[in-house]
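The values are calculated or read from the model by the stated rules, or taken from the named source; none is laboratory data. Please read these numbers as outputs of a predicted model, since none were measured by experiment. We place every Cβ from the backbone using ideal geometry, glycine too, and count neighbours over all the protein chains shown. Ligands, DNA and RNA are excluded from the accessible area calculation, which covers all protein heavy atoms including side chains. Shrake-Rupley method; radii C 1.70, N 1.55, O 1.52, S 1.80 Å.
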Amino acid sequence: MTEIDRLRRVLRDFPTYARKFLRIRTKAGELVSFRLNSVQRKLHDVWEQQMAEGKPVRIIVLKARREGISTYVQGRFFHFASTKKNRHTKVVAHDAEGSDTLFEMSRIFYDQMPSHVVLSDGTEVQIRPEKEYSNKKEISYYDTLSKLTVTTAGKGAGETTARKGSGKGRSQTVHFLHLSEFAFWNDQKNTFVALSETVP
């Protein structure tokens, strides 16, 4: 297997990609390599099993705090948007503070990952796509035409209509969708229906 083949394998495999290229902030404020913990690994295995069976990935997580579920999903979405063309990943948080926290993970992923890898023959291979733009809640890539967005379901950042959340996500196509802290959303039924219609 050539070096470029090994690199392609790393770019396809999320746990390896995360360990080699993504960094997360610890509770102590340190930036460390993103190594999946046991809970994240279980979620990863369920996700991979559904894909291997040809099913659409549909997972409901009844989670305790601080197990890393949101970190896993944010990393997985970042990986998908950064390595695939013409894809849209979307995270909808329950409030503005939550959406800020989730997007900050992606900002750190992007800012801390290397822009390229140097092979033994000196060849530079770009692994971090060029940003077309990045605002407070969206990273859009120039070369892959993919993007990652984070919005809020209820009051706060991302509200688009007078009726809480009722217009969220309409007229979009979303390939990966994460509904974070759904139990705390306002107008759950209408918002969920609107968002579900965006997913092929």
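Taking the range 173-191 as the range and being more than 19 Å from Leu148 (Cα to Cα) and among the hydrophobic types (A, V, I, L, M, F, W, C) as the test, the residues that pass are Phe182, Ala183, Phe184, Trp185. Is there a residue being under 24 Å from Glu104 (Cβ atoms), open to solvent by 40 Å² or more (accessible area, probe 1.4 Å) and either more than 15 Å from the chain's Cα centre (by Cα) or modelled with pLDDT under 50 (or both) anywhere in the range 189-200? No, the range 189-200 contains no residue that is under 24 Å from Glu104 (Cβ atoms), open to solvent by 40 Å² or more (accessible area, probe 1.4 Å) and either more than 15 Å from the chain's Cα centre (by Cα) or modelled with pLDDT under 50 (or both). Total residues in the range 59-79 satisfying the condition of being modelled with pLDDT under 95 and out of contact with any helix residue (DSSP H, G or I) (no Cβ under 7 Å at 6 or more places or on another chain): the figure is 5. Is there a residue being farther than 26 Å from Glu104 by Cα, over 15 Å from the mean Cα position of the chain (by Cα) and of a type in the set (A, V, I, L, M) anywhere in the range 24-36? No, the range 24-36 contains no residue that is farther than 26 Å from Glu104 by Cα, over 15 Å from the mean Cα position of the chain (by Cα) and of a type in the set (A, V, I, L, M).
Among the residues of the range 39-59, those identified as aliphatic (A, V, I, L, M) and over 17 Å from Asp13 (Cβ atoms) are Val39, Ile59. The residues of the range 26-57 that are modelled with pLDDT of 95 or more, touching a helix residue (DSSP H, G or I) at 6+ places or on another chain (Cβ under 8 Å) and either open to solvent by 90 Å² or more (accessible area, probe 1.4 Å) or not in a helix (DSSP H, G or I) (or both), listed by number, are Leu31, Ser33, Phe34, Arg35, Leu36, Arg41.
Can you name the residue in the range 121-154 that is in a loop (DSSP other than H, G, I, E, B) and out of contact with any helix residue (DSSP H, G or I) (no Cβ under 9 Å at 6 or more places or on another chain) and, of all such residues, is least open to solvent (accessible area, probe 1.4 Å)? Across the range 121-154, the extreme among qualifying residues is Gly122. Within the range 62-96, the set of residues being in contact (Cβ under 8 Å) with a residue 12 or more places away in the chain and open to solvent by 60 Å² or more (accessible area, probe 1.4 Å) comprises Glu67, Lys84, Lys85, Asn86, Arg87. With respect to the stated conditions, Val61 fails to be part of a loop (DSSP other than H, G, I, E, B) and under 15 Å from the mean Cα position of the chain (by Cα).
Total residues in the range 71-120 satisfying the condition of being assigned to a helix (DSSP H, G or I) and under 24 Å from Glu48 (Cβ atoms): the figure is 17.
In the range 1-21, the count of residues that are open to solvent by less than 50 Å² (accessible area, probe 1.4 Å) and under 27 Å from Trp185 (Cβ atoms) is zero.
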